[in-house]
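Q: Got a structure for you, questions after.
The values are calculated or read from the model by the stated rules, or taken from the named source; none is laboratory data. Just so it is clear, the model here is predicted, and its values are computed rather than measured. Here the Cβ positions follow ideal geometry from the backbone for every residue, glycine too, while neighbour counts run over all protein chains shown. When the accessible area is computed, the model is the full protein with side chains, heavy atoms only, and any ligands, DNA or RNA have been set aside. Shrake-Rupley method; radii C 1.70, N 1.55, O 1.52, S 1.80 Å.
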Amino acid sequence: MKRLLAMAMAITLCGCAEQKNPLFEEFDAPFGIAPFAEITIDHYREAMLRGMEEQKAEIEAIINNPEAPTFENTIAAMDRSGELLRKVRGTFSPISSSNSSEATRALEKELSPLFSAHSDDISLNPDLFARVKAVYDQREELELTKEEQKVLKNRYEGFVRSGAELSDEDKARLRELNTQLSMLQLNFTQNLLYETNNTFVVVESIEELAGLPEGNIAAAAKMAEEQGQPGKWMFNMQRPSCNPVLQYCSNRDLREKVYNAYYNRGNVGNDYDNKAICAEIVALRLEKAKLMGYNNYAELALEQRMAKKPEAVYNLLDQVWGPAVAKAKEELNDIRAEIRKEGHSFEPAGWDYMYYLDKAKQAKYAVDEQEIRAYLEIGNVMQGIFHVAGKLYGLTFKEITAEVPAYEPTAKAYEVIDADGTTIAIFYSDNFPRESKRAGAWCTSFRGQSYEGDERIIPIVVNCCNMTAPTGDGPALQSIDNVETLFHEFGHALHSFMRDVRYNGASGVERDFVELPSQINEHWAFEPEVLKVYAKHYETGEVIPMELVEKIVESAQYGQGFATVEYLAASLSDMDLHVLTEIPEKLNVMDFEAEKLAARGIPSQILPRYRMTNFSHTMGGGYTAGYYSYMWAEVLDADAFEAFTETGDIFNQEVAKRFRDYVLTPGGIDDGMVMYTSFRGREPKIDALLKNRGLK
């Protein structure tokens, strides 16, 4: 690691010696936002390498401190270490995921093994662990705050879970595994980005697009022109491009082509195929778990989550699986009826599900999604999101896009102001797809909340989404699903805005708790009194008619069979791979996934929401043995929203204050269940989830 780092530093210094690096200076833009346009790829490289060197020196100073270990000189000092590295990685990471380039991808690959080695140098250092353990062993005698106690516990357990108590031989192997896994996960992610943006379905004749909304046809024509094929129509595998084909296009052959292209990303035997990478990731994760004394990787991953054990995860998923499959079969009968109405006799396939389910929904509830879209212009939706945050928590949002540095021209920036006039965060809203942006939706930050002395340093939070973009002079009209996603990601942003902790080591919550703030925020999206605020016709400004609101509410549970089964299928596939105690010979993750789900009786027309070769949540890291977290958190969010509805006021100020105080503000000072029961007064029940999904 030392040799690699020295070589990288030498190369970097040769290239950047004469140019001042903005990352080494205090950012002088408003609110300390980075001057994105001034920072080059060489600046990032130089600063990250120096950041590792600085943190290494800080750690050495802690180890060599002649004074006896204390919370302040060991635990707090570790928490403060790596400030430059944290600053630089925080600035680079959102750029690399939303404005990726050949240069950023190359730098990620170059630095990935260095970061892995740097992390291991800290977590596997026996002298450092000895000091941490010395403080931990006297924790009962120390007069620590609740937050300090949690930071100490997290730090000690983090060392143990990172292999601090392993033999030297096992530590060496763990280092190798960590480096290999970081590179494999990065390769998986970069392959998937390429496949999503560069897998195209080309259409030669506009007649093949019958049923597709005009806005989507225009977007497809624009994409073809940009790809050097004017006069044609093209669809890539970003959801705003391909999903409308599956939902609205009457051309069954085209639906089949798009469906297969989407679900087979990373599974077509080309240079970007992820099957072998997935198999190797699973094998190395299992080896790592066994090295650490666990039977399988899921046990290792779940130990510090609310679920604790794989059995608890399967217990939840299995409770929902049966009712969800039964509901999906009811929907399939509706789909068959719609197929017969058109004079066909074929058995529905996967590429028929969304199309005919939409027709069945219209037949049952007279709901026309295209009619609803006219009231869901994205600017108005964002104002509705801000309105809800204002009503619940007293927040206001002042647009400052023109006053602050822009990392992306289409992103908007806002100052987030609390009820007392205090600025508590900066918020960037980045909503539209582009080739440099990975698929999906996520919340990230350029800077997390922290403290300098008694001054709270405000976070700089980013929501990245891939919503339907405007085409020509047309507005950016969104689907119901897209609106829910916008509310969801803003729930994560609210969590980041309001977090108020003094130590980095107390900022994070359990993976299966982290979706509670995001998912509960979805509940307000289609409440009638909220729709009246933001759902306005893009041409006339007319507020959405009450009868249309009633149709949305009445039909909200329709399609939940499909939605729940595809989600559960992905969650179960994730768990099934990570509870393996032995790896099958020549593991093919796609065959494994299919066999396991077939044995559970999944309808043949439904695939997992993500198939393993494009399942970045688990194979890219982050939600490994953790995709179940959305369902786990849904038990919490459905039960938590009932705390509002039980009062008869979805904006009840007393309940909102409790949610802010016990869930949004404390970071990870308390365990998730402690935070939830402090808010709710009891543990959560599954009943509300089943009712909300129409499964009870």
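Q: Take every Cα-Cα pair in region 189-249 and report what % of them are more than 18 Å apart.
A: Numbers: 534 of 1830 pairs.
Result for the distance tail: 29 percent.
Q: I'd like the orientation of helix 2-16 relative to the chain: the angle between its Cα long axis and the longest Cα principal axis, in ° from 0 to 90, rounded to 10.
A: So the inclination is approximately 70 degrees.
Q: Separate question: If R₀ is 25 angstrom, what is the calculated FRET efficiency for the pair A337 and D481, using the beta carbon separation as r and rounding to 0.05?
A: Numbers: r = 24 Å, r/R0 = 0.95.
According to the calculation, E is roughly 0.55.
Q: Let me know the Kirkwood hydrodynamic radius for region 270-309, please, with Cα pairs as the basis and the value in Å to one decimal.
A: Values: mean 1/r = 0.0893 Å⁻¹.
Taking the inverse mean of 1/r over all distinct Cα pairs, region 270-309 comes out at 11.2 Å.
Q: Could you run the Karplus curve 6.51 cos²θ - 1.76 cosθ + 1.60 with θ = phi - 60° over region 131-143 and give me ³J(HN,Hα) per residue in whole Hz, x for Gly and Pro?
A: Once θ is set to phi - 60°, the couplings for region 131-143 become 5, 4, 5, 4, 5, 4, 5, 9, 4, 5, 8, 7, 8 Hz.
Q: Mind ranking 492-501, 209-218 by how tightly packed they are, going by the mean number of other C-beta atoms within 10 angstrom, highest first?
A: Details: 492-501: 23.1, 209-218: 17.4.
My ranking of the peptides, most packed first, is 492-501, 209-218.
Q: Report ³J(HN,Hα) in whole Hz for each residue of region 350-367, in order, from the Karplus equation J = 6.51 cos²θ - 1.76 cosθ + 1.60 where θ = phi - 60°; Gly and Pro get x.
A: The phi angles translate into x, 6, 9, 4, 5, 5, 7, 5, 5, 5, 5, 5, 5, 5, 6, 10, 6, 9 Hz.
Q: Radius of gyration and Dmax for region 277-347's Cα atoms, expressed in Å?
A: Cα only, region 277-347: 20.5, 61 Å (Rg, Dmax).
Q: With each pseudo-label sitting 7 Å past Cα toward Cβ, what's the N73-E547 distance in nm, one decimal?
A: Using points 7 Å along Cα→Cβ, the separation is 7.8 nm.
Q: Just subtract the alpha-carbon distance of K586 and A106 from 0.36 nm times their residue separation and send over the number in nm, one decimal. Present the calculation step by step, with values, prior to reporting the outcome.
A: Details: separation 480, 0.36 × 480 = 172.80 nm, distance 3.04 nm.
Stretched fully, the K586-A106 segment lengthens by 169.8 nm.
Q: Could you list the square roots of 5 times each eigenvalue of the Cα gyration tensor of the chain, that is, the equivalent ellipsoid semi-axes, sorted largest first and rounded to whole Å? Let's see the in-between values first.
A: Values: eigenvalues 331, 166, 154 Å².
Semi-axis lengths for the chain are 41, 29, 28 Å.
Q: Using Stokes-Einstein with the Kirkwood hydrodynamic radius over Cα pairs, what translational diffusion coefficient do you get for region 516-580 at 4 °C and a viscosity of 1.567 mPa s, in µm²/s rounded to a whole number? Don't skip to the answer; put the middle values down first.
A: On the way: Rh = 14.7 Å.
Roughly 88 µm²/s, to the nearest whole number.
Q: Once you wrap a convex hull around the alpha carbon atoms of region 113-165, what is its projected area averaged over all directions, in nm²? Spell out each step's value before the answer.
A: On the way: hull surface 15.4 nm².
Taking a quarter of the hull surface, the average projection is 3.8 nm².
Q: Also, I was wondering about something else. Would you work out what percent of the accessible area of region 416-498, with all protein chains in place, is carbon or sulfur (probe 1.4 Å)?
A: Values: 1240 of 2760 Å².
In region 416-498, the share of accessible area belonging to carbon and sulfur is 45 percent.
Q: Another one. With a bin width of 10 angstrom, please list the P(r) values of region 42-100 as percents of all Cα-Cα pairs, from the 0 bin to the one holding the largest distance.
A: Over region 42-100, the share of Cα pairs per 10 Å bin runs 22, 41, 23, 12, 2 percent.
Q: Just report the Cα centroid separation between region 312-359 and region 193-251, whole Å.
A: 26
Q: Here is a follow-up. Counting C-alpha atoms alone, how compact is region 420-527: give Rg to one decimal and Dmax as a whole number, in angstrom.
A: Final numbers for Rg and Dmax: 15.7, 50 Å.
Q: Would region 204-355 count as rounded, prolate or oblate if I go by the C-alpha gyration tensor, calling it rounded below 1.5 in a/c and otherwise prolate when a/b exceeds b/c, oblate otherwise? Mind dumping the intermediate values first?
A: Numbers: a/c = 3.06, a/b = 1.57, b/c = 1.94.
Cα axes put region 204-355 in the oblate bin.
Q: If you average the alpha carbon positions of region 433-482 and of region 645-696, how far apart do those two centres end up, in angstrom?
A: So the two Cα centres are separated by 25 Å.
Q: Here's another thing I want to ask about it. Once both axes come from the Cα atoms, what is the angle between helix 41-63 and the longest principal axis of the chain, in degrees from 0 to 90, rounded to 10?
A: 50
Q: Carbon and sulfur together cover what percent of the accessible area of region 54-155 at a 1.4 Å probe radius? Walk me through the intermediate numbers first.
A: Numbers: 2340 of 4760 Å².
About 49 percent, which is the carbon plus sulfur part of the accessible surface.
Q: In Å and from the alpha-carbon atoms only, list the Rg and Dmax of region 150-203.
A: Calculated on Cα positions, Rg and Dmax stand at 18.7, 60 Å.
Q: Can you give the FRET efficiency for A406 and Q653, using 1/(1 + (r/R0)^6), R0 = 30 Å, r = Cβ-Cβ distance, to the nearest 0.05?
A: Once rounded, the FRET efficiency stands at 0.25.
Q: What is the ratio of the Cα radius of gyration of region 538-613 to 2.2 N^0.38 Å, where N is its residue count, to two decimals?
A: Numbers: Rg = 19.4 Å, N = 76, 2.2 N^0.38 = 11.4 Å.
Here the answer is 1.70, to two decimals.
Q: Can you tell me the length gained on complete extension of the stretch V202 to D253, counting 0.36 nm per residue apart and subtracting the Cα distance? Please list the in-between numbers first.
A: Values: separation 51, 0.36 × 51 = 18.36 nm, distance 1.23 nm.
The span from V202 to D253 would gain 17.1 nm if fully extended.
Q: Using 1/(1 + (r/R0)^6) with R0 = 30 angstrom and r between the beta carbons of E53 and D168, what's the FRET efficiency to the nearest 0.05?
A: With R0 = 30 Å, the Cβ-Cβ based efficiency is 0.75.
Q: Take Q304 and S345, extend 7 Å from each Cα along the Cα→Cβ direction, and tell me the distance between the two endpoints in nm.
A: 6.1
Q: Run the numbers for T145 and E399: contour at 0.36 nm per residue of separation, minus the present Cα-Cα distance, in nm. If you can, show how the numbers build up before the last one.
A: Details: separation 254, 0.36 × 254 = 91.44 nm, distance 3.79 nm.
Gain on extension, T145 to E399, equals 87.7 nm.
Q: When the accessible area of region 506-642 is split by element with a 1.4 Å probe, what percent falls to carbon and sulfur? Can you show the working numbers first?
A: On the way: 2160 of 4600 Å².
Of all accessible area on region 506-642, carbon and sulfur atoms account for 47 percent.
Q: Averaging over all projection directions, find the projected area of the Cα convex hull of region 328-373 and quote it in nm² with one decimal place.
A: 3.4
Q: Given 5 Å bins starting at zero, what is the percent of C-alpha pairs of region 572-693 in each, up to the one with the largest pair distance?
A: 2, 9, 15, 16, 15, 12, 10, 10, 7, 3, 1, 0
Q: Enter the angle in degrees (range 0 to 90, nearest 10) between the Cα long axis of helix 146-161 and the first principal axis of the Cα atoms of the chain, meaning the one along which they spread out most.
A: 90
Q: Then there is this: Please label the shape of region 295-390 as rounded, prolate or oblate, based on the square roots a ≥ b ≥ c of the eigenvalues of the alpha-carbon gyration tensor (a/c under 1.5 means rounded; beyond that, a/b larger than b/c means prolate, else oblate).
A: On the way: a/c = 3.26, a/b = 1.28, b/c = 2.54.
Taking the square roots of the gyration eigenvalues as a ≥ b ≥ c, region 295-390 is oblate.
Q: Under a 1.4 Å probe, what is the accessible area of the chain per residue, stated in Å²?
A: 42
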